[in-house]
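K.L.:
Provided herewith is a single structure, encoded as structure tokens, for subsequent inquiry.
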Amino acid sequence: MIVRKSAAEIETMREAGRISARALRMVGEAVRVGVTTKELDEIAEEAIRSQGAVPAFKGYHGFPATLCTSINDQVVHGIPSSTCVLSEGDIVSVDVGAIFEGYYGDNAATFPVGTVSEQALRLLDVTKRSLEAGIKKCVVGGRLYDIGAAVQEVAEGAGFSVVREYVGHGIGSAMHEDPNVPNYGVAGKGPVLAEGMVFAIEPMINAGSHAVESLPDGWTVVTRDGSLSAHFEHTVAVTADGPLVLTSET
Ligand code: MG
């Protein structure tokens, strides 16, 4: 069942989203050659707690950190570490969520470290644009799979591929609620979108094949062919006035 949120709940989620967005921006500003992903994790945890919220991922199914940090061919769910040092030319995907007054915010972005390849820059641009195309489909009367179809069109139109095994999700008083929000699909299909629905839309786009596999740590997901992967995410409410991005500082 897709839970629809009241205007008051969406206001609270907006605050959770604002806190999550601020943490993500602060991490992005700290990304540079030589920083460890553990240092980034500490910045995020401090940012979230100092705003009166709680990291959403820490302890979630046993996940040990505030951030997921996924470098280069890592797709999602990489674990921050004091031995993982960012290098010139890397791309690092950062996923961060916060719980504020019982409601969740969830967002992600992929950042370049120093100067990166042309292909990496294009992958970041296309993945971000695919997210924006998906967000535009969060309108009353639209259909759920309009979102994934829009993401897929942008990503595949640029010659990249869409990860199938991991998808976006409903979000509210739980981090993962119904429905699954795939980043692929056929427009005009799926549940009808209604006011008060809130989705975490999160395209994971690979430069090569869409196939992925998990590392033995039980968390980190990598591309099977070793190609680069990028990840952007926003928490978005369907409102009478159109899509409302909750993971925004403004
Ligand atoms: Mg998410």
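K.L.:
In the stretch 8-41, what residues are free of Cβ contacts under 8 Å to residues at least 24 places away in the same chain and more than 19 Å from Thr110 (Cβ to Cβ)?
P.N.:
Answer for the stretch 8-41, where residues must be free of Cβ contacts under 8 Å to residues at least 24 places away in the same chain and more than 19 Å from Thr110 (Cβ to Cβ): Ala8, Glu11.
K.L.:
Has the stretch 208-227 got any residue that is under 13 Å from Asn107 (Cα atoms) and not polar (S, T, N, Q)?
P.N.:
For the stretch 208-227, residues under 13 Å from Asn107 (Cα atoms) and not polar (S, T, N, Q): absent.
K.L.:
Which residues, counting only those in the stretch 40-76, are of a type in the set (D, E, K, R) and within 10 Å of Val96 (Cβ to Cβ)? Before you say what the answer is, go through the steps one by one.
P.N.:
Residues of the stretch 40-76 of a type in the set (D, E, K, R): 41-42, 45-46, 49, 58, 73.
Within the stretch 40-76, Asp41, Glu45 meet the criteria.
K.L.:
Additional query: Which is touching a Gly at 6+ places or on another chain (Cβ under 6 Å) and surrounded by fewer than 23 Cβ atoms within 10 Å (Cβ to Cβ), of Tyr145, Tyr166? Steps first, please.
P.N.:
Working: Tyr166 fails: touching a Gly at 6+ places or on another chain (Cβ under 6 Å).
That would be Tyr145, the only listed residue that is touching a Gly at 6+ places or on another chain (Cβ under 6 Å) and surrounded by fewer than 23 Cβ atoms within 10 Å (Cβ to Cβ).
K.L.:
Just to be sure before I move on: is Val198 farther than 21 Å from Ala120 by Cβ, within 16 Å of the ligand (Cβ to nearest atom) and touching a Leu at 6+ places or on another chain (Cβ under 9 Å) in the structure I sent?
P.N.:
yes
K.L.:
For Tyr184, which of the numbered conditions (1) aromatic (Phe, Trp, Tyr); (2) in a loop (DSSP other than H, G, I, E, B); (3) closer than 16 Å to Val238 by Cβ fails to hold?
P.N.:
(3)
K.L.:
Still on this model: Residue check, Val116 against (1) away from the ligand (no atom under 16 Å from the Cβ); (2) surrounded by fewer than 23 Cβ atoms within 10 Å (Cβ to Cβ); (3) within 18 Å of Thr223 (Cα to Cα), all met but one. Which one?
P.N.:
(3)
So that you can scan it fast, the table gives a plain yes or no per residue for (1) in contact (Cβ under 8 Å) with a residue 12 or more places away in the chain; (2) out of contact with any Phe, Trp or Tyr (no Cβ under 6 Å at 6 or more places or on another chain); (3) not in a loop (DSSP other than H, G, I, E, B):
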{"residue": "Gly196", "(1), (2), (3)": "yes, yes, no"}
{"residue": "Ala200", "(1), (2), (3)": "yes, yes, yes"}
{"residue": "Pro216", "(1), (2), (3)": "no, yes, no"}
{"residue": "Val236", "(1), (2), (3)": "yes, no, yes"}
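K.L.:
OK, next. Can you work out which of the residues in the stretch 184-203 that are in contact with a helix residue (DSSP H, G or I) (Cβ under 8 Å, 6 or more places away or on another chain) and over 16 Å from Gly142 (Cβ atoms) is surrounded by the most Cβ atoms within 10 Å (Cβ to Cβ)?
P.N.:
Here the residue is Pro203.
Table: residues versus (1) farther than 29 Å from Val3 by Cα; (2) touching an Asp or Glu at 6+ places or on another chain (Cβ under 6 Å); (3) free of Cβ contacts under 8 Å to residues at least 24 places away in the same chain.
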{"position": "Gln74", "(1), (2), (3)": "yes, no, no"}
{"position": "Ser81", "(1), (2), (3)": "yes, no, no"}
{"position": "Glu101", "(1), (2), (3)": "no, no, no"}
{"position": "Tyr104", "(1), (2), (3)": "no, no, no"}
{"position": "Gly114", "(1), (2), (3)": "yes, yes, no"}
{"position": "Gly134", "(1), (2), (3)": "no, no, no"}
{"position": "Val139", "(1), (2), (3)": "no, no, no"}
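K.L.:
Glu233 passes all but one of (1) within 13 Å of the ligand (Cβ to nearest atom); (2) surrounded by fewer than 23 Cβ atoms within 10 Å (Cβ to Cβ); (3) of a type in the set (Asp, Glu); which number fails?
P.N.:
Exception for Glu233: condition (2).
K.L.:
Within the stretch 171-183, can you find the residues that are within 12 Å of the ligand (Cβ to nearest atom) and surrounded by fewer than 21 Cβ atoms within 10 Å (Cβ to Cβ)?
P.N.:
Passing the criteria: Ala174, Met175, His176, Glu177, Asn180.
Matching residues to (1) among the charged types (D, E, K, R); (2) over 28 Å from His210 (Cα atoms); (3) surrounded by fewer than 19 Cβ atoms within 10 Å (Cβ to Cβ):
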site	(1), (2), (3)
Glu29	yes, yes, yes
Gly34	no, yes, yes
Ser50	no, yes, yes
Ala53	no, yes, no
Gly59	no, yes, yes
Gly62	no, no, yes
Ser70	no, no, no
Val76	no, no, no
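K.L.:
Among (1) aliphatic (A, V, I, L, M); (2) in a strand (DSSP E or B); (3) free of Cβ contacts under 8 Å to residues at least 60 places away in the same chain, which single condition is Val94 missing?
P.N.:
The single condition Val94 does not satisfy is (3).
K.L.:
So which of Ile99, Ile135 is within 16 Å of the ligand (Cβ to nearest atom), farther than 24 Å from Ala155 by Cβ, among the β-branched types (Val, Ile, Thr) and crowded, with 16+ Cβ neighbours inside 10 Å?
P.N.:
One residue alone meets the criteria, Ile99.
Laboratory data are not the source of any read-out in this text; all were calculated from the coordinates shown. Just so it is clear, the model here is predicted, and its values are computed rather than measured. So basically every Cβ, Gly included, is an ideal-geometry build from the backbone, and we count neighbours across all protein chains shown.
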